[in-house]
Amino acid sequence: MSGVLSGRGAFITGAASGIGAACARLFATEGAEVVVADLPSSQGLAYSVVADIAAAGGVAHWVECDVTSIQQTRIAFADANDLVGDISVVVTSAGVATMPGVSHHMSLLKMDPEHWNHVLAVNLTGTLTTTQVAAAQMIDRGISGSIVTLSSFAAKRPTRGVYSVSKAAVWMLTRALAEELSPQGIRVNALGPGIIDTPMLGDAADIGVDEWKQSQVGRISMRRIGDPLDVAEAALFLASNQSKYITGAIVPVDGGLTSTFAGG
């Protein structure tokens, strides 16, 4: 590894599993001291990620973080600063496809307000909350940083109801934040993952998960489902100085799915 994040503190939400966990593991191998931030209910998974990083020779810590609460996010960031010092890399990976107890895509016309509010609270407001807290601390400490948000292929294809709405909003939020924070030396970019093999993938399937995966492979130009590491490697590029002249972008990580099915 090249150590492109050597000496930098990285705060990753939703890092107990899926894309967030892949980012945490990869960033640690590249020299970052990583803070694995996730809900208290994910503590066991988070500790597993921290242990994996330590076993590989890296440094990681776990903090509780509910991104729907700005107060809890502030506390999590303060704890992270105590653990690793200055944080200059943030990945807002916390996200949901549905509300708890709903295991499938739901029509907007049949959706309860609670379902709508929950998905937006985590995916959209949680991204804003995390960025507000992170940017305030970077500015206060005079840090030039990089914030990587998680949008989606679904942001450009209106087939997943409230999830598509939330991820399209994250895309525009990212662009607006990039405009506001560029003068402060803080870059903000979004990733647009396609069909990635994470625990959330089951929430997209209205049939068996394996059967659904097979039904989707033919739509992907590269003819395979993505791996969380595919997304983590793109996040690493945006987090590092290798992308120092990029801000306000959305980078598809989808094997060509957006290019073929969602207008590029």
Practice item. Let me know the charge dipole size of the stretch 46-132 about its Cα centre in debye, to the nearest 20, where only the beta-carbon of Lys, Arg (+1) and Asp, Glu (-1) is charged. Key: 260 debye
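Tally up the carbon and sulfur contribution to the accessible surface of the chain as a whole percent, 1.4 Å probe, everything protein left in place.
Heavy-atom surface of the chain belonging to carbon and sulfur, 1.4 Å probe: 54 percent.
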Check your understanding: Dipole size in debye (nearest 20) for the stretch 72-197 around its Cα centre, Lys and Arg Cβ +1, Asp and Glu Cβ -1?
Key -> 500 debye
Check your understanding: In bins 5 Å wide, starting from 0, what share of all Cα pairs of the stretch 19-164 does each bin hold, as a percent?
Key -> 2, 9, 17, 21, 19, 14, 10, 6, 2, 0, 0
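If I take every Cα pair under 8 Å that is 6 or more residues apart in the stretch 102-198, average their sequence separation and divide by the length, what percent do I get for the relative contact order?
Over the stretch 102-198, the number comes to 32 percent.
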Review point. How high is the relative contact order of the chain, in percent, counting Cα pairs under 8 Å that sit 6 or more residues apart?
Key: 19 percent
Practice item. Only helical DSSP H runs with n ≥ 4 go in: add -39500 (n - 2.57) per run for the chain, normalise by residue count and round the 222 nm mean residue ellipticity to 500 deg cm²/dmol. Key: -13000 deg cm²/dmol
Point to revise | Tail weight of P(r) past 24 Å, computed on alpha-carbon pairs of the stretch 81-172, percent | key: 30 percent
Exercise for review: Rounded to the nearest 0.05, what FRET efficiency do residue 209 and residue 51 give with R0 = 30 Å and r taken as the Cβ-Cβ distance? Could you check?
Suggested key: 0.65
Point to revise | Förster radius 30 Å - calculated FRET efficiency between residue 244 and residue 81 (Cβ-Cβ, nearest 0.05) | key: 0.80
**Study point:** Charge-dipole axis of the chain as Lys and Arg at +1 and Asp and Glu at -1 on Cβ define it, positive-most pick from 55, 124, 109
**Key:** 109
Review point. For the stretch 233-264 and the stretch 156-177, what is the separation of their C-alpha centers, rounded to whole Å?
Key: 15 Å
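The values are calculated or read from the model by the stated rules, or taken from the named source; none is laboratory data. All figures in this text were calculated on a predicted structure; none of them were measured in a lab. Here Cβ is always computed from backbone atoms with ideal geometry, including for glycine, and neighbour counts include all displayed protein chains. Note: areas computed on protein heavy atoms with side chains; ligands, DNA, RNA excluded. Shrake-Rupley method; radii C 1.70, N 1.55, O 1.52, S 1.80 Å.
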